[in-house]
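To start, the structure itself, in structure tokens.
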Amino acid sequence: MRAPDPLLRVEGLSLATRSGLPIVEDLSFRVDRGAVLAIVGESGSGKTMAARAVIGLLPPGVVRRAGRILLEGAAISEQPEPALRALRGPGLGMVFQEPMVSLNPAMTIGAQMAEGLALHRRLERSAIRARCLDMLRRVGIGEPERCLSAYPHEFSGGMRQRIMLASVMLLEPKLLIADEPTTALDTLTQKDVLDLMVGLARDHGTAILLITHNLGLVARYAADTIVMEKGRLVEAGATRALLSAPREAYTKALVAALPRRTPHPPPAPRGAPMLTVRDFVVTHPGARSLFRRRVPKRAVDGVSLDVHPREIVAVVGGSGSGKTTLGRAILGLVPHEAGTLSFDGADPFATRAARRSFVLQAQMVFQDPYSSLDPRMRVEAIVREPLRHVPELTAGEAARRVEATLDDVGLRGFGRRYPHELSGGQRQRVAIARALVRRPRFVVADEPVSALDMTIQAQVLALFTALQDAYGFACLFISHDLAVVEAIADRIAVMQDGRVVETGHRDDIFDRPRHAYTRALLEAAPRLDLAPSTPVLKPSAA
Amino acid sequence: MRARLNLVIGLPLVAALGGMALVALAWTPYGPTATSIRNRLKAPSSQHWLGTDEFGRDVLSRIMDGASVSFRVALATVLVAILAGTLIGVATGYLRGWTDRVVMMVNDALLAFPGVLLALAIMVVLGPGEGSIVAALGLAYTPSVVRIVRGQVLSLREREYVEASRMIGNSDLYTMARHILPNCIAPITVLATSLFGWAVLSESALSFLGLGVPPPAATWGNMLAASRSYMESAAWLSLAPGLCIALTLLGVNLLGDALRDRLDPRMSLR
């Protein structure tokens, strides 16, 4: 299977900060022509830095201490910068993680795509244009002519990532480095973009170095995988063997961290729902452009939903499906235009007193643990803040409650720290503690784990379910990730374009999906099916 | 590295000039307004380190006394501008809507005038004196503070922790005071240092034009104004206050840069 002369060979690569902190230690791997190799690891494992070292784009402050990088047998790590520049593009292409910022907002798509061609190929302007149009058509852009003269902000994240891919593949690189290319995208778009990337690469004989923390994607797209932890290579081998029979403890932990369906008792017969949403409509006012107001967009369009006491209802959908807006509107963070909401049989927004009592009983866990905590407050102050509005607690009781809640979320002794001294997972635990310290009866959790690494995700989810068992709050769990939902939800509502297209018990949704959109979502969810029929893409012999 | 250099030069400069102003409150070598006809326009010597002026007053004493006047005025000006500007900026930025539009329209109209021109007009109305300089310069600088604070608040209010505060049930006022204001402190501090430099300069300019602190009280600006007629025969008269103004501005700006680098969270992560 291994060709005698691999496309890329990395030998004993060691990277460190200037102050001597090791980032990558003694990393060796190879990528064959046309093959797909995945580097898997959590944040801080050095996988991104290793990839950046290959393309010679290390950030200032990180230096290569040892090792060689050979592209087609030539040591590119020893070459001067100008030679490297000539290599980037036609030799090595890179797709970045964040499609929202990796295109220049001040340049048209056409100008950006043409840049690389003009630099590396001698072509007439009309030929450049023709190639751009052709490539845009290949990546599934509807009106390529219009796209060339459009600016990046006119496209969604998934579209931008396609455009990014098109402009990189235009130069037909021998090796494409994709650094978490779909982490910022929802499940459906993720599958589209990755299918496209792998397909294009196969057509052009391009090899792919796929950097990701998502084992599901690895199982689907990469023939070989290396696992990294704390800058070191932990395990390497053929993907299927590695995932079905991991040898190292860390790989086992990664595989175990994948959310799995735990047997749930069928929902007990319940009384009246605690929260009832009927025909909810939420409209985003149209963005004002310079001369006219755009038409308002119906983000939530006639949604009805029930949440019973002690129940976790998951709302699932792609980005733009209105699921986040629905959660925020239920809590009154954005006004709803039509429809009724009732909490314990009464409209929580009817009077000031009702609104107040609702706010005291309902809480929210936000998506981004990096912006949901005030950077200038200590953890204990953040967790204590909601208790301001519980006047019957004495100062001593409040302090004990804060301590107990921090204990609950596994952060005993972290009270004196500031948010920036915590990791992402720890921050999300603080956010959960803040939401639960008042013992709310209803919690909206808006993608609470989508910003976290896989193993951390598993821990936070386990914590969340344990706390839900202990305190018995009802929960509206908003997510685009079906795997996460499968692990914890009782019932699932699937949203598309502002409407709920299917509602049902978790097992029914997963095992007997009725709506086409639900089936598409399930199909797109990266899962670790290790049955012999798994379609792992074989590298085509180049 | 550069931040270190800024601090190493800026801090001692500001400290020395500030120390001089403090000392002048209690002691100066000679009385800053004591005249002596025999010692008119004497060049720097061992008795008078910086020479004497056209009334025989000791220039060093007047520089020191002027420093305390200049710094007092500049400090009060900055306090007025920062307090008023922060209050207005936080309120308009957080509340948005009509309040924001009206206030910002007035604010932009004020910003359209050069600060010194605006202060000049106010001084003409109020008449000379320390209090009116503070009022005039304070008003002239408030709009730029409003602009910067409002911008900061606009970005902060979209943070999820501000929404979390609403979800907790906190009032708008509490949210502003507890979550928004503390997170504006860094840019406000940096702005305050640079405003201080501008205030020293503007106060000197006003005094130079005869609209500032009236003689015989000493300020760097009116010393500079008085020295104009003796520029050729007694250069030390203009050199000393001019140099003081320049050094103050340099020191304050370097200190401001150093503070900005220190307070920027992206920098402190290193």
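Just so it is clear, none of the values below were taken in a lab; they were calculated from the coordinates. It should be emphasised that the depicted structure is a prediction, and the values quoted were computed from it without experimental measurement. Methodologically, a virtual Cβ is constructed for each residue, glycine included, from the backbone with ideal geometry; neighbour enumeration extends over all protein chains shown.
Grab the beta carbon distance between A:Leu360 and A:Ala127, set R0 = 51 Å, and tell me the FRET efficiency rounded to 0.05. Walk me through the numbers before you get to the answer.
On the way: r = 67 Å, r/R0 = 1.31.
Efficiency for this residue pair is about 0.15.
For segment A:187-192, putting each phi into the Karplus relation 6.51 cos²θ - 1.76 cosθ + 1.60 with θ = phi - 60° gives couplings of 4, 5, 5, 4, 5, 4 Hz, in residue order, rounded to whole numbers and with x for Gly and Pro.
Taking each residue as 0.36 nm, the span from B:Leu247 to B:Tyr174 lengthens on full extension beyond its C-alpha to C-alpha distance by 22.1 nm.
If R0 is 22 Å, the Cβ-Cβ spacing of A:Ala111 and A:Asp134 corresponds to a FRET efficiency of close to 0.80.
Between B:Ser229 and A:Asp279, take the C-beta separation as r, use R0 = 56 Å, and let me know the FRET efficiency to the nearest 0.05. Display every interim value, and only then the final one.
Details: r = 85 Å, r/R0 = 1.52.
After rounding to 0.05, the efficiency reads 0.10.
The HN-Hα couplings worked out from phi for segment A:364-380 by the Karplus form 6.51 cos²θ - 1.76 cosθ + 1.60 (θ = phi - 60°) are 9, 10, 8, 6, 9, x, 8, 10, 8, 10, 5, x, 9, 10, 6, 3, 5 Hz, whole numbers, x standing for Gly and Pro. Stretching the chain fully between A:Glu392 and A:Ser319 yields a gain of 22.1 nm (0.36 nm per residue, less the alpha carbon separation). Under a point spin-label approximation (7 Å from Cα along Cα-to-Cβ), what is the A:Glu98-A:Thr340 distance to one decimal in nm? Between A:Glu98 and A:Thr340, the label points sit 4.6 nm apart. Shape analysis of segment A:140-267 places it in the oblate category; the axes a ≥ b ≥ c from the Cα gyration tensor give an a/c of at least 1.5, with a/b not above b/c.
Rg and Dmax over the alpha-carbon atoms of the protein assembly as shown stand at 33.2, 110 Å.
Translational diffusion coefficient of segment A:12-97 (Stokes-Einstein, Kirkwood radius from Cα pairs, 25 °C, 0.890 mPa s): 179 µm²/s.
Can you show me the helix-derived [θ] at 222 nm for chain A, built from DSSP H runs with n ≥ 4 at -39,500 (n - 2.57) apiece and divided by the number of residues, rounded to the nearest 500. Walk me through the intermediate numbers first.
Values: 19 runs with 190 residues, N = 542.
Computed mean residue ellipticity for chain A: -10500 deg cm²/dmol.
Amide H to amide H, with H built 1.01 Å from N, A:Arg310 comes under 5 Å of A:Ala474, counting only residues 5 or more places away or on other chains.
In a DSSP loop and with at most 14 other Cβ atoms within 10 Å, the GluC sites (Glu not before Pro) in segment A:360-463 are A:Glu392. The overall shape of segment A:83-125 is oblate: from the C-alpha gyration tensor, with semi-axes ordered a ≥ b ≥ c, the ratio a/c is 1.5 or greater and a/b is no larger than b/c.
Loop-only check: which trypsin sites (Lys or Arg not before Pro) in segment A:55-126 are DSSP coil with at most 16 other Cβ within 10 angstrom? Working shown, then result.
Working: sites: A:Arg64, A:Arg65, A:Arg68, A:Arg85, A:Arg88, A:Arg121, A:Arg122, A:Arg125; in loops: A:Arg121, A:Arg122.
Here the trypsin sites (Lys or Arg not before Pro) that fit, given the DSSP loop and packing criteria, are A:Arg121, A:Arg122.
Kindly provide log₁₀ I(q)/I(0) values, in the same order as q = 0.08, 0.09, 0.11, 0.16 Å⁻¹, from the Debye equation applied to equal alpha-carbon scatterers of chain B. Normalising to I(0) and taking log10 leaves -0.41, -0.50, -0.70, -1.17. Less than 5 angstrom separates the built amide H of A:Lys297 from those of A:His284, A:Gly286, all sequence-distant by 5 or more or on a different chain.
How large is Rg/Rh for segment B:90-213, to two decimals, with Cα atoms and a Kirkwood Rh?
That ratio is 1.08, to two decimals.
Of A:Lys174/A:Lys230; A:Lys252/A:Lys323; A:Lys47/A:Lys174; A:Lys174/A:Lys252, which sit over 31 Å apart, Cα to Cα? Write down the numbers at each step before the final one.
Numbers: A:Lys174/A:Lys230 29 Å; A:Lys252/A:Lys323 34 Å; A:Lys47/A:Lys174 20 Å; A:Lys174/A:Lys252 33 Å.
Beyond 31 Å between Cα atoms: A:Lys252/A:Lys323; A:Lys174/A:Lys252.
The charge dipole of segment A:99-173, taken about the Cα centre with unit charges on the Cβ atoms of Lys, Arg (+1) and Asp, Glu (-1), comes to about 120 debye, rounded to the nearest 20. Straightening the chain between B:Val106 and B:Ala121 buys 3.7 nm, computed as 0.36 nm per residue apart minus the Cα-Cα spacing.
Note on chain B: helix-only mean residue ellipticity at 222 nm, from DSSP H runs of 4+ residues weighted -39500 (n - 2.57) and normalised by residue number, equals -24000 deg cm²/dmol. For the protein assembly as shown, the antiparallel share of DSSP beta bridges with both residues in that region comes to about 55%. For chain A, the longest principal axis of the C-alpha atoms and the axis of helix A:454-471 are separated by about 10°.
If contacts are Cα pairs under 8 angstrom and at least 6 residues apart, what is the relative contact order of chain A in percent?
16 percent
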